[in-house]
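Working notes, beginning with the structure itself.
The values are calculated or read from the model by the stated rules, or taken from the named source; none is laboratory data. The shown structure was predicted, so the numbers you read here are calculated from the model rather than taken from an experiment. When we count neighbours, we look across all protein chains shown, and the Cβ atoms used for this are built from the backbone with ideal geometry, even at glycine. Keep in mind that these areas ignore ligands, DNA and RNA; they rest on the heavy atoms of the full protein, side chains included. Shrake-Rupley method; radii C 1.70, N 1.55, O 1.52, S 1.80 Å.
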Amino acid sequence: MKDECLICKAPLVYLNQDELMECAICHKRELSKTRCVNGHYVCNECHTAGLDTIVGLCLKETSKDPVAIIKKMMGLPFCHMHGPEHHVMVGAALLTAYKNAGGGIVLEDALNEMINRGKKVPGGACGFWGACGAGISSGMFVSIISGSTPLANESFALSHKMTARSLTAISEIGGPRCCKRDSYLSILEAIDFVKENMGIEMDRPDIVCTHYMNNNQCIGSRCPFRKLNRTEQEQL
């Protein structure tokens with residue numbers, strides 16, 4: 001088994017009902033369905049500590065490729081194989097590439113808004129809400145660039161359509177979770193969506209996963225980003 005618990009590296013378990021947990025890092029007590037097999041719990045705030053560093057990275061970035069941008073974020077110390085940090089990173093990478101491709105936004109303001117919104121989507125939303133946070137992040141991205149509010153018309157529709165497209169792509173692959181896979185799927189859908197609806201063309205790369213060896217739940221050949229080696233191909 002690869003490392004999962006941030007405290008003891010043991011596997012995580014997901015409960016059917018909320019239990020009162022104490023964060024092993026900040027000692028905050030709150031209800032949650034997630035802990036490791038040894039009882040350790042880490043709250044969303046502690047799990048995403050260091051996430052704010054992406055603002056500096058994005059403001060220096062010149063690429064129009066949101067996949068390349070999110071891969072840089074994934075290489076930073078705060079980012080884990082799975083976790084709610086992806087609920088911010090997807091939208092942040094898209095905002096950065098959108099700006100660099102000619103999108104008319106104030107990037108720093110947009111990034112801070114993305115962090116504020118994305119951090120409110122908890123870990124485990126994919127399984128417990130029926131809506132992956134990476135997919136929701138792509139909808140937040142469109143909401144931010146279009147200025148959507150609950151009283152808006154076209155932008156309200158656009159942001160919902162974006163989320164729906166990402167969640168559809170994620171659902172067609174199925175589970176179990178992979179924050180990297182779902183982030184890539186959401187970004188690719190957003191690239192196409194923005195080109196079709198807003199006329200801004202971000203770069204759309206081919207993606208080959210380099211994280212599968214750290215994912216206990218990797219779905220192998222079912223993942224569109226997983227290129228099997230010869231041994232794996234022979235075992236099919």
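Yes/no per residue for (1) closer than 30 Å to residue 11 by Cβ; (2) without any contact (Cβ under 8 Å) to a residue 24 or more places away in the chain; (3) open to solvent by less than 40 Å² (accessible area, probe 1.4 Å):
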| position | (1), (2), (3) |
| --- | --- |
| 148 | no, yes, yes |
| 153 | no, yes, no |
| 165 | no, no, no |
| 177 | yes, no, no |
| 181 | yes, no, yes |
| 186 | yes, no, yes |
| 211 | yes, no, yes |
| 220 | yes, yes, yes |
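Residue 151 is checked against (1) over 23 Å from residue 71 (Cα atoms); (2) outside any loop (DSSP other than H, G, I, E, B) and fails just one. What number does that condition carry?
Unmet for residue 151, out of (1) over 23 Å from residue 71 (Cα atoms); (2) outside any loop (DSSP other than H, G, I, E, B): (2).
Give me the residue from the stretch 39-53 that is surrounded by 13 or more Cβ atoms within 10 Å (Cβ to Cβ) and part of a loop (DSSP other than H, G, I, E, B) and, out of that set, nearest to the chain's Cα centre (by Cα).
Out of the qualifying residues, it is 48.
Out of curiosity, is residue 225 at pLDDT 95 or above, touching a Phe, Trp or Tyr at 6+ places or on another chain (Cβ under 7 Å) and open to solvent by less than 40 Å² (accessible area, probe 1.4 Å)?
yes
Residue by residue through the stretch 131-165, note down the ones that are under 11 Å from the mean Cα position of the chain (by Cα) and under 20 Å from residue 206 (Cα atoms). Before you say what the answer is, go through the steps one by one.
Taking the stretch 131-165 as the starting set, the residues that turn out to be under 11 Å from the mean Cα position of the chain (by Cα) are 132-138.
Once the filter is applied, which keeps residues that are under 11 Å from the mean Cα position of the chain (by Cα) and under 20 Å from residue 206 (Cα atoms), the stretch 131-165 yields 134, 135, 138.
Which residue, of 62, 96, is hydroxyl-bearing (Ser, Thr, Tyr), open to solvent by less than 30 Å² (accessible area, probe 1.4 Å) and without any contact (Cβ under 8 Å) to a residue 40 or more places away in the chain? Walk me through it before giving the result.
On the way: 62 fails: open to solvent by less than 30 Å² (accessible area, probe 1.4 Å).
Exactly one of 62, 96 is hydroxyl-bearing (Ser, Thr, Tyr), open to solvent by less than 30 Å² (accessible area, probe 1.4 Å) and without any contact (Cβ under 8 Å) to a residue 40 or more places away in the chain, namely 96.
Do any helices (runs of 4 or more DSSP H) lying entirely in the stretch 57-147 carry at least 2 residues that are under 24 Å from residue 18 (Cβ atoms), and which ones are they?
In the stretch 57-147, the matching helices (runs of 4 or more DSSP H) lie at 86-100, 107-118, 125-128, 133-146.
Does the stretch 167-192 hold any residues that are more than 15 Å from residue 93 (Cα to Cα), at pLDDT 95 or above and in contact with a helix residue (DSSP H, G or I) (Cβ under 6 Å, 6 or more places away or on another chain), and which are they?
167, 169, 170
Of (1) surrounded by fewer than 19 Cβ atoms within 10 Å (Cβ to Cβ); (2) touching a helix residue (DSSP H, G or I) at 6+ places or on another chain (Cβ under 6 Å), residue 70 satisfies all except one. Which?
Exception for residue 70: condition (1).
With the condition kept exactly as written, say whether any residue in the stretch 10-27 is in contact with a helix residue (DSSP H, G or I) (Cβ under 6 Å, 6 or more places away or on another chain), modelled with pLDDT under 95 and either open to solvent by less than 30 Å² (accessible area, probe 1.4 Å) or closer than 23 Å to residue 181 by Cα (or both).
Within the stretch 10-27, not a single residue is in contact with a helix residue (DSSP H, G or I) (Cβ under 6 Å, 6 or more places away or on another chain), modelled with pLDDT under 95 and either open to solvent by less than 30 Å² (accessible area, probe 1.4 Å) or closer than 23 Å to residue 181 by Cα (or both).
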